[in-house]
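To start, the structure itself, in structure tokens.
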Amino acid sequence: MASAPSKLCTDDVSLLVVLLDTNPYFWSTSNDSSVSLSNFLSHVLSFLNSILFLNQLNQVVVIATGYNSCGYIYDSSLSSSSSITKSSGNGRVPAFCSELLENLEEFLTKDEKMSIEESIDGIGSSLLSGSLSMALCYIQRIFRSGPLHPQPRILCLHGSPDGPEQYVAVMNTIFSAQRSMVPIDSCVIGAQHSAFLQQASYITGGVYLKPQQLDGLFQYLITVFATDLHSRNFLQLPKPAGVDFRASCFCHKNTIDMGYICSVCLSIFCKHHKKCSTCGSFFGQAQSQAASMSDQKRKGLET
Amino acid sequence: MKGEGQKGEGQKEAVIIWDSGSPLYDSFELVSISHVIERHTMAPSSSLSLTAEIDTRSSCARSSAKMMEEVDEVDSSSKYIWKNLWRSKMKWGRIQKGFVPVCRHSPVSLHNLLKVSSQPASASTARNTRHGGAAPYPHRGSSSSDLFHPYRRPDVLSGTARRISWPMFCLNYCRCLVDFSGCHGFLWLFSMNNIEHREVSNSRGRRLDEEPEGDEDEDEENGRGMDAWERTYVDDRSWESLQEDESGLLRPIDNKSIYHAQYRRRLHSLSSAATTARIQKGLIRYLYVIVDFSRAAAEMDFRPSRMAVIAKHVEAFIREFFDQNPLSQIGLVIIKDGIAHCLTDLGGSPESHIKALMSKLECSGDASLQNALELVNVYLNQIPSYGYREVLIVYSALSTCDPGDIMETIQKCKQSKMRCSIVGLAAEMFICQHICQETGGLYSVALDESHLKELLLDHAPPPPAIAEYAIANLIKMGFPQRVADGVISICSCHKEAKMGGGYTCPRCKSRVCELPTECCICGLTLVSSPHLARSYHHLFPISPFDEVSPSHLNNRDKKSPKTCFGCQQSLLNTGNLSSYCVTCSKCRNYFCLDCDIYIHENLHNCPGCESSRQSNSVILI
């Protein structure tokens, strides 16, 4: 396929935007069962290297998802093509790896400086919404570049728990990705499942995976996430195992399967209230009218 | 031409008037050409932001002065009208080319004109008094309505322009008047025409065919007046994609910068409207889309025809609508043969609406706004009180052929809190403006296909909530579970046995195929939480970014970034439009213009604000 004309090549050329979770609280709490940051990075770097070798036109962008900020740390289109294959000084690590690691270190120190809170309870969430938004902006630029752009996809390597305050923003990015047909793959390296990423992968048609054994992370990555979008049709990839689309009410955070929705702001409540706590509108008594209307409709159907 | 030899001696004078001096074209052809030009240059719409103004006062003053000199012979006033109007018409045709004129005239010239034009015709005020409410300028009614009277043909024609058919004259005379009286006169004349038409059809039943000068003739004339070669150029409209630069050279219009300027204008107008602290939007909408498939929809000024273009863009609109308003419902109504048919009932599935619309692509007969509004009013009265009742009319006709008084219907719609918006395809009409004003909707007229698309899609985001239009209420909804794969069950919506997929209603355990919907058995509204989340961005919009001039960008010190925060594109030499970049007022990050559009139109997140902990501290839920 490598010798095929450029028109055909674009089917297989992919742009992979990788979102790395660099939440320091998450990596510091990782125990024996999970993988350490340096181990994790060596898996990821090998994976990125193999992506770049799969097709010489493949492109990789790495965005760090920090606790206080997000930032681009690597873009393969900016570094010269020789630097990918050329080894760096000591002859063991490819130059692009050292470039990435340097940028990552720089980013981490900057991220640490921005921290204002001294202590937080638990792990805390990283800024997934920010890095997803940046990835989508970058992908839009690729779409604008011309008709022969590489096929973009996003891979989230995420470990921190979900931040409920990011819900609206994450949902916005998911719908935007869905509209531009960009699949969001997710590989969860944390202890528990991520409801955000489950929904993101389900809605955008990506793959959601929570590896059992983090020691073999590279193998998971290369078997599931390395193939381009066209080849995915021929593979048996992990199926979404039950995405929970039930909502949780705003008042008690219970998961409910029937509830009341404010007609103005669409807030969810588990029982009837007099006033909406989100938008402050008062509720009239029109429920009976609505019921009679649906009664009429059903009668109309029967006749 | 064949009429050349038939000219008698008595018509010599007419020949002088009508000899345009061109060896190639006779006057008839010139008339038809200028008609063609005007048809496409006269698309005045007050609601449009395009305001290329020409100062017409000086030319009008001159023409009115000349008019006063020449008016001394009363008996030749008819010739006078022809001579002068024709001249000024030609002049206007030249001026108007390439502009959308906003006509401003001194009342003197208008008055003179009307005085002259009323001389050959006798007044028929009785007819007009009934429609005084509809006509914005009733004082003009007495003079010009007779132009349209089928049997009282002014003597102007007999001696002069034998070769111009009566409806043709009628039309051109109209346009002459329009040239002088501005867009309102134009609209009003058309509405007079319609009223006349309606009266005819009401009082004499379906005797339209016997009318020697009915609408049919006018339509025929449109086709006959244009030759095939003309049509190619008219439809192509290649001149519209050109603009003149400072040195007078023609060059293609820079669409991108215009697009961005328009977008920023729109964004600012939207955000200034929504500066109130708490934004409430009508998120649960019940919208009827009324599509006009009357005879006028067969016109070919939009390619391949208005009908095809409408269908294409209404389809896009329906998809966009459900994308932005997942809990809302749409119904389709088409107007044809003077009757409104309900194509689909209110429903939440875009596919069924689009399928129904595409299967009914044919047009005939007249359009009736009143019938459509009456029908929709009945349907929308049944919906629950928390829903917003809306009507969007895509109207291509220039008339409405109604069985009764449309003003009563408009009042009825106003009482039942329907918001009627109209997108016109032909020209601005008074009655449409009136409907939209009364019911709080928007009226806009499309200039071309891309403009039509833009206007339609403007109606997709939810309008600001008006408290008295719908009562806030808690709606009981269910969040159904997905049925496990491999289970065979009968779905309640299609009454078919299906395997896998589908959702189970949590109250009655019946099965439905897709969300969001209403359970057919127990009537519970069924949604999934992403459907609700899809609407949340309307409630938490991001503020528009501030523009930064390029000089400021260059003068900034070294440490500030030179690339767009979103897409990493360089902000300094972006080539095609390097004039501006924008900055978020909250997080102070810089963005390129493309990202600006994407962020506000599609993403609804500021990447800068989202990727910093401080500005993200506001907890939304």
>> Only one of B:C584, B:C508 is open to solvent by less than 30 Å² (accessible area, probe 1.4 Å), more than 7 Å from chain A (Cβ to nearest Cβ) and at pLDDT 85 or above. Can you tell me which?
In response: B:C584
> What about B:K476, is it modelled with pLDDT of 85 or more and either loosely packed, with under 15 Cβ neighbours inside 10 Å or within 24 Å of B:Y388 (Cβ to Cβ) (or both)?
Replying inline: yes
> Can you name every residue in the range B:280-294 that is of a type outside the set (S, T, N, Q) and either in a strand (DSSP E or B) or under 17 Å from the mean Cα position of the chain (by Cα) (or both)?
Replying inline: B:K281, B:R285, B:Y286, B:L287, B:Y288, B:V289, B:I290, B:V291, B:D292, B:F293
> Mind checking which residues of the range A:56-77 are among the hydroxyl-bearing types (S, T, Y) and either in a strand (DSSP E or B) or away from every other protein chain (no Cβ under 11 Å) (or both)?
Replying inline: A:T65, A:S69, A:Y72, A:Y74, A:S76
> Scanning the range B:480-489 for residues that are open to solvent by less than 40 Å² (accessible area, probe 1.4 Å) and more than 22 Å from A:F175 (Cβ to Cβ), which turns out farthest from the other protein chains (Cβ to nearest Cβ)?
Replying inline: B:S489
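Okay, residues lined up against (1) within 14 Å of another protein chain (Cβ to nearest Cβ); (2) surrounded by 12 or more Cβ atoms within 10 Å (Cβ to Cβ); (3) at pLDDT 90 or above:
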{"position": "A:S87", "(1), (2), (3)": "no, yes, no"}
{"position": "A:G91", "(1), (2), (3)": "no, no, no"}
{"position": "A:E99", "(1), (2), (3)": "no, yes, no"}
{"position": "A:E117", "(1), (2), (3)": "yes, no, no"}
{"position": "A:L136", "(1), (2), (3)": "yes, yes, yes"}
>> Which residue is nearest to the other protein chains (Cβ to nearest Cβ), if the candidates are limited to the range B:495-505 and must be assigned to a strand (DSSP E or B) and at pLDDT below 80?
In response: B:M499
> Do we find that B:V394 is under 12 Å from B:I335 (Cβ atoms) and in contact with a Phe, Trp or Tyr (Cβ under 6 Å, 6 or more places away or on another chain) in this structure?
Replying inline: no
> Out of all the residues in the range A:146-166, which are in a loop (DSSP other than H, G, I, E, B) and more than 10 Å from chain B (Cβ to nearest Cβ)?
Replying inline: A:G146, A:P147, A:L148, A:H149, A:P150, A:G159, A:S160, A:P161, A:D162
> From B:S385, B:S352, B:S359, which residue is in contact (Cβ under 8 Å) with a residue 60 or more places away in the chain and of a type in the set (G, A, S)?
Replying inline: B:S385
> How many of the residues in the range A:34-55 are under 27 Å from A:S115 (Cβ atoms) and part of a loop (DSSP other than H, G, I, E, B)?
Replying inline: 3
> Among the residues of the range B:450-460, is any out of contact with any Leu (no Cβ under 8 Å at 6 or more places or on another chain) and outside any helix (DSSP H, G or I)?
Replying inline: yes
>> If I ask for residues that are buried (at least 17 other Cβ atoms within 10 Å of the Cβ), under 17 Å from the mean Cα position of the chain (by Cα) and free of Cβ contacts under 8 Å to residues at least 60 places away in the same chain, which ones from the range A:221-242 would you list?
In response: A:V224
> From the set of residues in the range B:542-567 that are within 14 Å of chain A (Cβ to nearest Cβ) and at pLDDT 80 or above, which is farthest from B:P464 (Cα to Cα)?
Replying inline: B:T563
>> Looking at the range A:247-256, can you tell me whether even one residue there is within 25 Å of A:L127 (Cα to Cα), among the basic types (K, R) and not assigned by TED's automatic domain parsing to the domain that holds A:L37?
In response: yes
> Pick from B:S528, B:S492: which is within 14 Å of chain A (Cβ to nearest Cβ), polar (S, T, N, Q) and within 18 Å of B:P350 (Cα to Cα)?
Replying inline: B:S528
> Based on what the data block shows, is B:M418 out of contact with any His (no Cβ under 8 Å at 6 or more places or on another chain), in contact (Cβ under 8 Å) with a residue 60 or more places away in the chain, buried (at least 19 other Cβ atoms within 10 Å of the Cβ) and among the hydrophobic types (A, V, I, L, M, F, W, C)?
Replying inline: no
> With respect to A:A169, is the statement that it is out of contact with any helix residue (DSSP H, G or I) (no Cβ under 7 Å at 6 or more places or on another chain) and either surrounded by fewer than 19 Cβ atoms within 10 Å (Cβ to Cβ) or not in a strand (DSSP E or B) (or both) true?
Replying inline: no
> Residues of the range B:365-381 being open to solvent by 40 Å² or more (accessible area, probe 1.4 Å) and in contact (Cβ under 8 Å) with a residue 60 or more places away in the chain, which ones?
Replying inline: B:Y379
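The values are calculated or read from the model by the stated rules, or taken from the named source; none is laboratory data. As the structure is a prediction and not an experimental result, all values here were calculated from the model. Positions of Cβ are backbone-derived with ideal geometry, glycine not excepted, and every protein chain shown enters the neighbour counts. To get the accessible areas, we keep the full protein, side chains included, count just its heavy atoms, and leave off ligands, DNA and RNA. Shrake-Rupley method; radii C 1.70, N 1.55, O 1.52, S 1.80 Å.
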